Amino acid sequence: MKRNKDKVINNKPVETIDTLIGTGSMLQGDLEFTGGLRIDGHVKGHVSAQDSTNGTLVLSESGVVEGDINVPHVVVNGTVKGNISSVGHVELQSSAKVTGDIHYKAVEMELGAVLNGSLVSDAAAPVYDVISGGADKGEAKS
C-alpha cells in the first residue's frame, strides 16, 4: 500500500463480490459501485468505481457492457463496447472481446482475447517485470 497525504491507495484488487448483475438482467444507465462487482448480464451505460483507487469489476463470459469502464481492477471474459480505464490491473481472459481503447497501469492478455482498439500505458507509473528478472527501473530488456 502507498500513502498519499492521509489517503491510502490500495494497489490490490478487492477479493469479494458485493454486487451481482445476473444472467438475463439488463441495466440501462450509468452504474457506480463500491467494492466488487460481477456482471453476468447486460449493462448499457458507463461503469465506474466510487473509490478511484479501490474496486474490482469482473465481467463474465456472458456479460456485456456497452459503455466506458473506469475501475481500478478489471477482469474481462465477456464483451465490452467502450473504453476501459484502470489505475491498477486489467486482465483480458480468453473469451474477452473489447472494442475500444484500454488505458492501464498493468495489463494481462490471454490467448484468444480480442482487442479492437489501442493499449495505452500509464507512463507516469510504469510497472516492471520483476518475476522474470526483466528490466529494472528503466533498463531495456535484451
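Each reported figure results from applying straightforward, stated rules to the coordinates on display, with no laboratory input. In this text, all values refer to a predicted model and were calculated from it rather than measured experimentally. With ideal geometry, Cβ positions are generated from the backbone for all residues, glycine too; neighbour counts draw on all protein chains shown.
Which of rounded, prolate or oblate describes region 36-118 when judged by the alpha-carbon gyration tensor and an a/c cut-off of 1.5? Numbers along the way, then the final one.
On the way: a/c = 1.41, a/b = 1.14, b/c = 1.24.
Rounded, since a/c falls under 1.5.
Please report, in debye to the nearest 20, how large the charge dipole of region 36-118 is about its Cα centre when each Lys and Arg carries +1 at its beta carbon and each Asp and Glu carries -1 there.
Working: 5 positive and 9 negative charges, 24 e Å.
Once rounded to the nearest 20, the dipole reads 120 debye.
For 97, 44, what's the fewest-to-most ordering of other Cβ within 10 Å of each Cβ? Show your work: numbers first, answer last.
On the way: 97 18, 44 15.
Listed from fewest to most nearby Cβ atoms, that is 44, 97.
Starting at the first residue of region 64-72, write each ³J(HN,Hα) from the Karplus equation 6.51 cos²θ - 1.76 cosθ + 1.60 with θ = phi - 60°, in whole Hz, x for Gly and Pro.
Along region 64-72, the couplings run 9, 10, 10, x, 7, 10, 10, 9, x Hz.
Using amide H atoms built 1.01 Å from N in the peptide plane, name the residues 5+ places from residue 31, or on other chains, whose amide H lies under 5 Å from its own.
46, 47, 48
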